[in-house]
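A.B. asks: There's a structure below that I have some questions on.
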Amino acid sequence: MREETARSVKLNREISKMLPEAIEKDRLVKIGYGSGGDTKPRDGDFGVVTHLPEKSRVLILGNLGECVGSMNRGGTVNVEGSCSSMLGAFQLDGRIVVERDVGDRLAMNMKGGNIVIMGSAGKDACAGMSGGTVVIRGQASSGVGSGMKGGTLIVMGSVGKNPGIGMTGGKIVIAGSCPPPGDGSEMRSITTREVSEISEVLEPLGLSIEDDALVLFPEAEGNIHGIPPKRWISEGFENIAIRPSGPERIAEHASVDTSVRLLPVGSDDGGLVLDIPWVVKSDQGDSNESSYNFPKMVRSNPSTGDLLLIGEDGLVAFPDNISGISGIVLDLQCLPPMNDAEIESILVSLSSQVGDSCLIFLRDGVERVEGLFRLIVDLDLDGAVVGVATPGGSKASAALPRIGLSSRAMGFEAQGRVIAIEIDSQPTAEDLIVTRASGCSFIIGPMGNGKDEADIRDRTIPELVGLMKETGISSLEAVGRRVLRAKDMETAAISGLRLVGFERPLPMWLGN
């Protein structure tokens, strides 16, 4: 873990320890002040003071980084200093006050509560906001209120170009100068009733609004918002064959090792051991006990050992879902676009609430695998979940060379980082071997209709063991690409695997 990240995680954990007693005794938690009142301001801490519960109160001194106060669940945060981007992002309820300036995307996708900025704000303030009230005492840069769905934004100063662009709901009140509104919004004068309503918000802050203020609101027809394309897989790994790894079969009475161990980077402890390289994809966990280790990747109610998949809808609820989890999978496909520092800030917030042995993954589609793997290395994370399904359909075998090349370029194997392939159907015993042989750690896929863990125990595992013995594979930890063959020319061309019946490889990147 990088030094800056570790420092921010440590601060979050310290605050979490202090909050229960402070809430019980109605005390303010002060960060950045010594016991004698001397100041020790924080400098650059990011992803801190997040997920605050109701009745919690925190005062923090310093110039802080990204995502401060994000995912607020009802607490109060006062920042005596400035903050970088995404202050109060995804806030559900509560109150945040910042005495100085904030960066871009203030209150991004905020759902409720209120935020007061005594200074100015950067670009795209309140982007995607759907509820609550935000007051900016100073100026706001371009794109203020972009994509707003609800709530009220009040800017006492001037705003930059394209205010209200793409908004579908809510209201933007601007007391200073305002350029022509962006596409999807209209402008009008403030009404007497609105002046009265907004004055109730501003008067406690020592502010007032005049009747020459402007109001931006959504156009009647507005912009046409896109529907995300369906992702699917047109062909799985069925056209990849498994050939014997040596001249001899493994005797029926002998044992083979089907297990896979997933470790945090740089550690020999913790992590997760899989009896077979398959993590079941499911909407929620299952409390049923099993003699086999069949962890799931779920979005809610995880059972012990499960991986918790977190998109935007799961961010605020995260602390309620962490009992017993073995890993976090941050779903970039289900989050707004963010830069590296903002993604790391979200991960700091999440990882500070779990133990150091918990695995940390990022998830994205195979079409963005190069950027995904770069992020994994730059942020020093444990691994990646690569979704093979693409818009318009894809052949799973075509993902293998792209994943392999990117992994090799970023040095994943040498660094001990994990790669999981995610498919949209129940994997077969052959699929499990293909996954391991292609350099990936495990596969993620749902159980078929009417299937349950008994089917894995009674059918998939015996089939896997039988196939390994027939082909001479004693351990899935050691299996390599040399056991794989393409059944037809098209699969050979898109996967880079040798064609069945050919001893020499095709002139592809894989070359083995």
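A.B. asks: Mind telling me which of the residues Glu210, Glu221, Glu203 ends up being at pLDDT 95 or above, over 18 Å from Cys126 (Cα atoms) and of a type in the set (D, E, K, R)? Give the steps one after another, and end with the answer.
C.D. replies: On the way: Glu210 fails: at pLDDT 95 or above; Glu221 fails: at pLDDT 95 or above.
Unique residue meeting the criteria: Glu203.
A.B. asks: Could you check the stretch 287-388 for helices (runs of 4 or more DSSP H) lying wholly inside it with 3 or more residues that are farther than 20 Å from Ala6 by Cα? Outline the logic, then answer.
C.D. replies: Details: elements: 312-315, 340-351, 369-378.
Qualifying helices (runs of 4 or more DSSP H): 312-315, 369-378.
A.B. asks: Restricted to the stretch 119-175, and to residues that are of a type in the set (Lys, Arg) and within 28 Å of the chain's Cα centre (by Cα), which residue is surrounded by the fewest Cβ atoms within 10 Å (Cβ to Cβ)?
C.D. replies: The qualifying residue surrounded by the fewest Cβ atoms within 10 Å (Cβ to Cβ) is Lys149.
A.B. asks: Picking from Gly170, Gly164, Gly157, Gly143, which residue would you name as being part of a loop (DSSP other than H, G, I, E, B) and under 25 Å from Pro204 (Cα atoms)?
C.D. replies: Unique residue meeting the criteria: Gly157.
A.B. asks: For the stretch 8-18, state whether one or more residues are in contact with a helix residue (DSSP H, G or I) (Cβ under 9 Å, 6 or more places away or on another chain), surrounded by 24 or more Cβ atoms within 10 Å (Cβ to Cβ), within 20 Å of Val116 (Cβ to Cβ) and hydroxyl-bearing (Ser, Thr, Tyr).
C.D. replies: no
A.B. asks: Is it the case that Val316 is surrounded by 19 or more Cβ atoms within 10 Å (Cβ to Cβ), over 11 Å from the mean Cα position of the chain (by Cα) and not small (Gly, Ala, Ser)? Please lay out each step first, then the result.
C.D. replies: Details: surrounded by 19 or more Cβ atoms within 10 Å (Cβ to Cβ): yes; over 11 Å from the mean Cα position of the chain (by Cα): yes; not small (Gly, Ala, Ser): yes.
Answer is yes for this residue.
A.B. asks: Follow-up. Here's a check for you: in the stretch 184-196, which residue that is within 38 Å of the chain's Cα centre (by Cα) and outside any loop (DSSP other than H, G, I, E, B) is surrounded by the most Cβ atoms within 10 Å (Cβ to Cβ)?
C.D. replies: Across the stretch 184-196, the extreme among qualifying residues is Ser185.
A.B. asks: Something else about it: Among the residues of the stretch 64-104, what is the count of those that are closer than 15 Å to Ala341 by Cβ and surrounded by 24 or more Cβ atoms within 10 Å (Cβ to Cβ)?
C.D. replies: Count: 12.
A.B. asks: Tell me, which residue of the stretch 223-238 that is within 28 Å of the chain's Cα centre (by Cα) and under 19 Å from Pro427 (Cα atoms) is surrounded by the most Cβ atoms within 10 Å (Cβ to Cβ)?
C.D. replies: Phe237
A.B. asks: If Pro337 satisfies all but one of (1) over 26 Å from Leu11 (Cβ atoms); (2) in contact (Cβ under 8 Å) with a residue 12 or more places away in the chain, what's the number of the condition it fails?
C.D. replies: With (1) over 26 Å from Leu11 (Cβ atoms); (2) in contact (Cβ under 8 Å) with a residue 12 or more places away in the chain applied to Pro337, the lone miss is (2).
A.B. asks: Kindly provide the set of residues from the stretch 303-316 that are out of contact with any His (no Cβ under 8 Å at 6 or more places or on another chain) and either under 15 Å from Val273 (Cβ atoms) or at pLDDT 95 or above (or both), ordered by number.
C.D. replies: Those that are out of contact with any His (no Cβ under 8 Å at 6 or more places or on another chain) and either under 15 Å from Val273 (Cβ atoms) or at pLDDT 95 or above (or both): Thr304, Gly305, Asp306, Leu307, Leu308, Leu309, Ile310, Gly311, Glu312, Gly314, Leu315.
A.B. asks: Mind listing whichever residues of the stretch 177-201 are more than 13 Å from Val144 (Cα to Cα) and touching a Leu at 6+ places or on another chain (Cβ under 8 Å)?
C.D. replies: Listed by number, the residues that qualify are Glu186, Met187, Arg188, Ser189, Ile190.
A.B. asks: Another question, if that's okay. Given the structure, is Val68 in contact with a strand residue (DSSP E or B) (Cβ under 9 Å, 6 or more places away or on another chain), at negative phi and not acidic (Asp, Glu)?
C.D. replies: Spelling it out, Val68 is indeed in contact with a strand residue (DSSP E or B) (Cβ under 9 Å, 6 or more places away or on another chain), at negative phi and not acidic (Asp, Glu).
A.B. asks: Continuing with this model, one more query. Report those strands (runs of 3 or more DSSP E) wholly inside the stretch 403-495 carrying at least 3 residues which are modelled with pLDDT of 95 or more, of a type in the set (A, V, I, L, M) and surrounded by 23 or more Cβ atoms within 10 Å (Cβ to Cβ).
C.D. replies: 418-422
A.B. asks: Sort out which residues of the stretch 239-255 are outside any strand (DSSP E or B), surrounded by 10 or more Cβ atoms within 10 Å (Cβ to Cβ) and touching a residue at least 12 places away in the same chain (Cβ under 8 Å), and write them in order of number.
C.D. replies: Asn239, Arg243, Pro244, Ser245, Gly246, Arg249, Ile250
A.B. asks: Quick one: which of Met110, Met118, Met148, Met156 is closer than 19 Å to Ala220 by Cβ and hydrophobic (A, V, I, L, M, F, W, C)?
C.D. replies: From the options Met110, Met118, Met148, Met156, the qualifying one is Met148.
The values are calculated or read from the model by the stated rules, or taken from the named source; none is laboratory data. No experiment lies behind these values; they were computed from the predicted model shown. We place every Cβ from the backbone using ideal geometry, glycine too, and count neighbours over all the protein chains shown.
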